[in-house]
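Quick notes on the structure that follows.
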Amino acid sequence: MNRQKVYFSIAITAMLMIIASATSVLASEGGITGRTISGCSGNGCHSAQNTATTVSVQGLSGTSITMSPNETRTFTILVAHATQPKAGIDISVKNSGGSNVGTLAPVASLRLQAGELTHTTAHPNITGAGAPFTFTWTAPAAQGDYLLRASGNAINNNGNEDGDFWNFMNTVTITVAASSVTLNAPNGGETLCRGSQTNITWTSSISGNVKIEFTTDGTNFTEITTVPASPASYAWTIPTTQATGSTYKIRISDATNATVNDMSNANFSILSTPSIVTQPKSDSICTGSPIALSITTDNPTGYTYQWRKNGNIITGATETAYSITSATAADAGSYDVIITGCSPLTSNAATIIMNTAPAITSNPNDTTVCPGSAVTFSASATGTNLTYQWKHNNTSISGATNATLVLPTTTTADTGSYILVVSGKCNPAQPTNAAFLHFTPPPAINKQPRDTTVCLGEAVQFSVVGTGNGLTYQWQKNGTNIDGAQSSNLVIPSVSAGNLGSYTAIIKNSCNLTATSTAAILNARESVAITEEPRDTAVQTNLTATFNVRATGTDVRYQWMKNNINRPGDTLPTLTIANVKLSDSGNYKCVVRNLCGIIESSVAKLTVTAPPAGAALALSTGTVDFGCNKVKSTKDSILTNVVFNGGGQPLNVTAVTISGADMADYSIVSGGNTFTLAPNEKHTITLRFTPSSKTVKNAAIEFTSNSTTSSPKLVLTGKGCAGTITAFKENIGTIQVGAKLDTTVKICNTGDFNLVVSSITIGGTNAAEFTLGNLPTFPTVIKPGDCLTVGASCMPIATGIRSAEISIKTDEGDFTISLEATATPSTGVDEATTIMSGVSVYPNPSVGNVVFTGEVEAPMPINVRIFDGLGNAVYQTTIGVTSVGSFNFAWDGSSNGSNNSNGIYTALLTIGVQRVRVPFVILR
């Protein structure tokens with residue numbers, strides 16, 4: 001190789017550095033040519049040939065190949081060595097005379113020099129099979145034999161010739177000649193079987209190898225093998241996994257020149273002998289369901305198929321599967337399939353049986369029973385292989401899997417809705433209509449007894465009208481049963497004081513459920529009775545004569561008579577005759593009457609005399625009646641000109657005093673000191689009445705004077721009065737939990753004076769379950785004998801006796817009236833809270849308007865039914881839901897234009913076969 005010195009120019013220092021010793025022999029880094037025959041030794045180049053270096057043509061097993069004139073072929077020569085890192089090479093193609101022939105062109109790691117190829121300065125690495133040198137050679141047009149030679153060098157890459165190892169490549173003879181090949185068989189129309197052997201034969205002038213391929217589309221080819229062109233035959237064993245088909249062709253070509261080839265003139269087939277892996281299966285299906293038949297073979301795509309029904313070909317059914325989207329009764333029958341491969345094969349027959357879906361033929365009926373009674377629900381349906389499941393309030397009942405459901409003993413928990421879900425071989429499952437189990441409600445009272453006032457001794461009748469089954473009655477007085485009073489009418493033939501009070505009727509039905517009427521008050525008109533008779537009176541002329549009568553009774557009326565002749569206009573308890581004359585003398589009496597009777601007072605004699613000559617003390621009235629006055633309150637009375645000097649001399653009064661048992665309840669405000677009256681002069685006295693207790697108070701005014709006549713007394717009378725309320729217990733009746741029962745309570749003033757009420761409130765153990773209504777504006781006054789009627793309601797939250805107290809604050813203190821109700825378990829719709837599928841209600845409690853919200857998975861109508869606490873349906877509608885997702889529905893709390901009362905309600909929402917129960921409360 002040529003020696004050369006390598007210099008590096010360093011621009012900054014402009015210094016030349018000698019990087020190798022003057023005595024070193026440098027290797028030719030850029031390669032040299034002309035060494036493919038002589039080798040790399042000698043002429044100052046590398047050392048002797050070394051067989052540790054191997055040089056070979058990649059992919060070539062022999063030492064000769066054939067190419068066509070002007071054919072271009074790519075070659076890769078590998079230079080390998082066990083330890084050397086890099087490689088160099090010289091490549092040539094020459095004729096027998098040693099001249100370069102054809103056209104060499106570098107592809108990788110090579111350059112062209114003097115008609116040969118040698119390595120570039122970028123030596124390729126020796127890795128794996130060796131350092132690759134890739135090039136192309138184009139054969140000349142002239143035919144003949146040409147020699148491909150190469151000498152390769154495994155170098156240590158130190159830049160010097162020492163330590164490198166080179167070797168020759170075995171010469172490859174390239175024969176350039178025009179070649180031909182003709183395929184003889186298979187040439188089209190043959191039917192071959194997988195797993196069998198067939199001979200592929202040809203005629204060719206190719207001296208090397210031929211490549212045999214197959215194709216199914218004439219475009220894409222798969223190699224079968226490459227074999228020597230001679231002998232011109234290859235026994236091909238068709239793989240058992242070979243894809244079956246009828247568009248096969250064989251192509252044979254020069255292994256080194258694909259342009260020299262021949263292909264089958266026509267298609268041939270490769271088939272297999274069918275083998276059934278899975279037979280079509282019989283099935284029983286439902287009308288409208290799909291039919292899916294299939295067969296599995298050892299080579300699903302390698303055969304043709306033809307389905308049949310009842311032995312008749314089904315047009316177009318030529319796949320491994322046959323299906324019917326929606327089966328009808330006409331699709332029942334026997335199905336098989338003919339499989340065609342190397343030989344035909346018929347599958348087993350599959351029988352298709354059509355079933356029917358469940359259909360409800362009769363629904364269970366709503367039932368109303370007494371608690372504890374037995375109940376039977378029944379339904380019927382048609383369909384294939386039916387099964388049954390009863391549900392209570394949309395929850396499955398364990399073990400209830402027959403068409404008939406028997407509940408031997410019912411409790412509150414059993415009330416609500418019942419449906420039977422019938423399932424079968426075919427979907428969908430069918431629910432019956434909901435049947436509701438109600439407990440018989442308490443009796444209803446259509447006509448209440450009324451308050452009655454009669455005279456003692458008269459007859460009275462109370463009546464009540466109720467509805468329900470098997471009603472019985474029990475009348476009570478003041479909450480206590482009346483013996484023998486067990487009809488809808490209560491008759492008292494002769495009312496006595498002991499009969500007065502509060503009367504209620506308890507109505508019981510066949511289930512022993514009760515309803516209690518409102519209380520009717522029996523009051524008596526007090527018969528007239530005279531408690532104070534008029535007295536004989538003697539007065540002087542020109543003075544005032546007074547007669548008094550006092551009577552008790554209800555609505556008492558008075559009529560005074562003189563000598564048994566009525567005095568028109570004198571109809572008050574006191575008869576006053578002013579400026580009496582001698583002609584007024586006579587017998588006086590008062591006729592006292594009311595609705596309960598008539599009575600006459602005793603006769604009182606009036607004597608009118610002429611005035612005496614001396615002083616004479618006379619009174620204008622003999623009695624002062626203060627009437628009914630509130631206990632401990634003060635009432636003044638001015639007695640104008642009450643004292644009169646009826647004589648002819650001055651009257652000296654030295655003392656005015658009060659006497660009698662109740663004198664402490666009276667006092668003189670003015671006019672009680674000593675005084676002197678001239679003849680015919682009059683004197684005024686003011687008196688005060690302050691009753692200390694509730695009773696009649698009697699006293700008298702006495703005068704000490706120089707009167708020549710007997711000094712009269714001024715009689716004082718009055719009554720201490722007070723309003724009062726007699727305590728009693730009001731039984732509202734029997735009511736179911738969660739329901740509301742209304743009644744009225746009469747708060748009566750049983751005293752004899754106005755009662756001022758400042759407040760009425762509810763309290764007691766279960767006060768939260770009671771409410772009052774129709775209260776007056778406070779303060780309010782209840783007159784004696786009058787009643788104030790207020791509303792009372794009970795809405796219990798638990799069973800048993802529920803009690804409360806009405807507290808009445810008055811000016812006479814506090815009074816209480818007891819309230820009581822009996823709460824029984826709720827009936828009709830069950831009270832269990834069941835919120836499903838996101839369904840909810842708000843607001844809850846509500847003053848009337850409620851909104852239901854929820855989610856649905858598919859558009860469908862929703863039926864809404866709303867039941868009150870007794871299980872009675874109060875509202876029903878259907879809402880349309882047109883899209884998946886949320887829905888809402890509002891109800892204004894009314895039925896038939898009227899607001900529903902306070903209480904517990906349950907909404908039953910039916911969505912397809914699902915029922916959702918939502919309880920809520922209306923509390924206005």
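Derivation of every value follows stated rules applied to the coordinates shown; laboratory data play no part. Just so you know, these numbers come straight off a predicted model, no measurement behind them. All Cβ positions, glycine included, derive from the backbone under ideal geometry; neighbour counts span all protein chains shown.
When the charge dipole of the chain is built from unit charges on Cβ atoms (+1 for Lys and Arg, -1 for Asp and Glu) and taken about the Cα centre, the candidate among Thr387, Gly466, Val491 whose Cα reaches farthest toward its positive end is Val491. Across all directions, the average flat footprint of the convex hull enclosing the Cα atoms of region 72-135 is 4.8 nm². Among the listed pairs Lys391/Lys508; Lys477/Lys783; Lys562/Lys719, a Cα-Cα separation exceeding 27 Å is found for Lys391/Lys508; Lys562/Lys719. For region 103-260, what does the alpha-carbon gyration tensor say about shape, rounded, prolate or oblate, given a ≥ b ≥ c as the root eigenvalues, a/c under 1.5 as rounded, and a/b over b/c as prolate? Prolate, since a/c reaches 1.5 and a/b exceeds b/c.
Taking 4 °C and 1.567 mPa s as conditions, region 233-368 diffuses translationally at an estimated 69 µm²/s according to Stokes-Einstein applied to its Kirkwood radius (Cα pairs).
For region 276-355, a Kirkwood hydrodynamic radius built from all Cα pairs, placed in the Stokes-Einstein relation at 4 °C and 1.567 mPa s, yields a translational diffusion coefficient of 102 µm²/s. Between Asn478 and Ala798, residue separation times 0.36 nm minus the direct Cα-Cα distance comes to 112.6 nm.
In a reduced charge model with +1 at each Lys and Arg Cβ and -1 at each Asp and Glu Cβ, the chain shows a dipole moment near 1740 debye about its Cα centre. Subtracting the Cα-Cα distance of Ser38 and Leu112 from 0.36 nm times their residue separation leaves 24.8 nm of extension gain. Calculated FRET efficiency, Asn265 to Thr877, Cβ-Cβ distance, R0 = 60 Å: about 0.15 to the nearest 0.05.
Percent of C-alpha pairs per 10 Å bin in region 398-523, short distances first: 11, 30, 18, 14, 12, 9, 5, 1, 0. Rg to Rh ratio, the chain, alpha-carbon atoms and Kirkwood radius? Answer for the chain: 1.52.
Viscosity 1.306 mPa s, temperature 10 °C: Stokes-Einstein D of region 435-504 from its Kirkwood Cα radius, in µm² per second?
On the way: Rh = 13.7 Å.
D, rounded to a whole number, is 116 µm²/s.
In straight Cα distance, which aspartates and glutamates are under 15 Å from Lys447, not counting same-chain residues fewer than 8 positions off? List returned: Asp742.
In percent, how large is the relative contact order of region 729-824, given Cα pairs closer than 8 Å and 6 or more residues apart?
Worked out over region 729-824, it gives 41 percent.
Taking a straight line from the alpha carbon of Lys682, these lysines sit under 17 Å away, with near neighbours fewer than eight places off in the same chain left out: Lys713. With the charge dipole of the chain set up from +1 on Lys and Arg Cβ and -1 on Asp and Glu Cβ about the Cα centre, the Cα lying farthest toward the positive end among the listed residues Ala403, Pro650, Thr765 is that of Pro650. Compactness of region 729-824 was expressed as the Cα radius of gyration divided by 2.2 N^0.38 Å, which yields 1.11. Rounded, prolate or oblate: which fits region 613-716 when a ≥ b ≥ c are the square roots of the eigenvalues of the alpha-carbon gyration tensor, with rounded for a/c under 1.5 and prolate only if a/b beats b/c? Prolate, since a/c reaches 1.5 and a/b exceeds b/c. Dipole orientation for the chain: of the candidates Phe75, Trp891, Val781, Val781 has the Cα lying most toward the positive pole (charges on Cβ; Lys, Arg +1; Asp, Glu -1). Listed values for region 494-506 are Karplus-derived 3J(HN,Hα) couplings in whole Hz (6.51 cos²θ - 1.76 cosθ + 1.60, θ = phi - 60°), namely 8, 6, 10, 4, x, 8, 5, x, 9, 10, 10, 10, 9, and x replaces Gly and Pro. Straightening the chain between Asp366 and Asp752 buys 133.2 nm, computed as 0.36 nm per residue apart minus the Cα-Cα spacing.
In region 527-610, the alpha-carbon atoms span a convex hull of 74 Å³ per residue. Around the Cα centre of region 527-610, unit charges on the Cβ atoms of Lys, Arg, Asp and Glu (plus for the first two, minus for the last two) sum to a dipole of about 120 debye. Extents of region 840-922, taken as max minus min of Cα coordinates on every principal axis and listed largest first, are 36, 22, 21 Å. Under the criterion of Cα pairs below 8 Å and six or more residues apart, the relative contact order for the chain equals 5 percent.
Solvent-free Debye calculation, one equal scatterer per alpha-carbon of region 529-667: log10 I(q)/I(0) at 0.10, 0.14, 0.21 Å⁻¹ equals -0.41, -0.78, -1.30. A convex hull fitted around the alpha carbon atoms of region 368-439 yields 78 Å³ per residue. Once both labels are positioned 7 Å from their Cα atoms along Cα-to-Cβ, the gap between Thr83 and Thr765 label points is 11.5 nm. Sort out for me the Cα centre separation of region 238-295 from region 397-452, rounded to whole Å. Going from one Cα centre to the other spans 66 Å. When peptides 435-443, 70-78 are ranked by their average number of other Cβ atoms within 10 Å per residue, the highest-first order is 435-443, 70-78.
What lysines does Lys211 reach when the alpha-carbon gap must be under 22 Å and sequence neighbours fewer than 8 apart in one chain are set aside? By straight Cα distance, Lys211 reaches Lys249. Looking at the square roots a ≥ b ≥ c of the eigenvalues of the Cα gyration tensor of region 181-271, which shape do they give, rounded for a/c under 1.5, prolate if a/b is larger than b/c, or oblate? Note, shape of region 181-271 comes out prolate.
Take the Cα of Asn446, step 7 Å toward its Cβ, do the same at Val669, and the gap between the two points is 6.2 nm.
What is the magnitude of the charge dipole of region 613-716 about its Cα centre, with +1 placed on the Cβ of each Lys and Arg, -1 on the Cβ of each Asp and Glu, and no other charges, expressed in debye to the nearest 20?
For region 613-716, the charge dipole is close to 340 debye.
As a calculated quantity, the FRET efficiency between Thr789 and Arg535 at R0 = 41 Å, using C-beta atoms, amounts to about 0.40. With a simple spin-label model that places each label point 7 Å from the Cα along the Cα-to-Cβ direction, the separation between Thr72 and Ser275 comes to 5.1 nm.
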